[in-house]
Amino acid sequence: MANFPTHIAIGTVVSGALATVTTAADLVAPENVVAVTLAGVLGSVLPDIDLKDSRPARAMFAGLAVFFSFAVLFGLERKYSIAEMLILWLGTLVCVRYVAKEIFARFSYHRGIWHSLLAMAFCAFVTAWVYSRLLQRDEGVAWLAAGFMSVGYLTHLILDEVYSVDVMDTRIKASFGSALKFVDSKHWGHTATMAAATVLAFVVTPPTKIFVENITSRGLWTELHQRLLPKDHKWFQGMAWVLQSPPPRGKANVVPATTATISTGSILPEPSGETAQAMPAGSTTKP
């Protein structure tokens, strides 16, 4: 299996590449790029959460404890007093960091149900719910984060399978096939529990309409195709400003009247009524 630093490094590269594509397609607002990218990086190490008393498991539960404690704090800040919020924050931190970790360690083993596509679907649904309900993100952004989580998770499983093949010694290790699987066929009780949890997680997820419409829009793929390579194959022409002389003092840069309105790229619901008729196809609005 690949070690923890390798999973982090590869997961960061894959999530960064995916973030580059979504940014180029103007699919998500700049303020949400980091949030969805972090979901992909988290997914790239999440399957190793079943390594008992290991550095990945300790780091994972510590990170999850901090994340959920602050998510609870920010979500309930206007409903309770300072003393009550401190109790809820500390209680969530301790519960996830120690209690949940201990319970998890008793009912899991390495390369079990967490190294499966079923677990990947469960984590994706939970991510969509967390981003939508706890972090109060747009529905489209929530499902985009779920997509990043899935890609990162799948990257981990594939990487473990690749490391199960010893290329230099031309042999396949005994662990081959245990990382990338649909379900855990050795422990059907774990599989049934995960399947039930996945269904419940899907029930509470936000609607997918906005995300599906944006990800399947013709304008999105046209934009990606146009921006895939530099125009006229002139590479890094955007860096020409580095070699240009600065403008004379006292003369401000004049913005041409034809400058287009800057779009944030936020995934928002389709406008309705007269607004929809006035907007050009494929355009976005500011959040």
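Would you kindly derive the ³J(HN,Hα) couplings of region 82-90 from the backbone phi angles with the Karplus curve 6.51 cos²θ - 1.76 cosθ + 1.60 (θ = phi - 60°), listing them in order in whole Hz, with x for Gly and Pro?
Karplus-based 3J(HN,Hα) across region 82-90 equals 4, 4, 5, 5, 4, 5, 5, 4, 5 Hz.
Of 89, 65, 107, which is farthest along the charge dipole of region 53-107 in the positive direction, counting Lys and Arg as +1 and Asp and Glu as -1 at C-beta?
107
Apply the Karplus curve 6.51 cos²θ - 1.76 cosθ + 1.60, θ = phi - 60°, to the phi angles in region 91-108 and return the couplings in whole Hz, x for Gly and Pro.
Calculated HN-Hα couplings, in order: x, 5, 4, 5, 4, 6, 5, 10, 5, 4, 4, 5, 5, 4, 5, 6, 10, 9 Hz.
For region 54-101, which trypsin sites (Lys or Arg not before Pro) pass both filters: DSSP loop (anything but H, G, I, E, B) and at most 12 other C-beta atoms within 10 Å?
Working: sites: 58, 78, 79, 97, 101; in loops: 78, 79.
Loop-located and lightly packed - 78, 79.
Of 52/79; 209/231; 101/186; 181/209; 186/209, which ones are farther than 32 Å apart at the Cα? Display every interim value, and only then the final one.
On the way: 52/79 37 Å; 209/231 34 Å; 101/186 23 Å; 181/209 29 Å; 186/209 37 Å.
Check vs 32 Å cut-off fails for 52/79; 209/231; 186/209.
None of the figures in this text is laboratory data; all of them are computed from the coordinates on show. Since the model is a prediction, treat every value here as computed from it, not as a measurement. Reconstructed Cβ throughout: ideal geometry from the backbone, glycine too, with neighbour counts over all protein chains shown.
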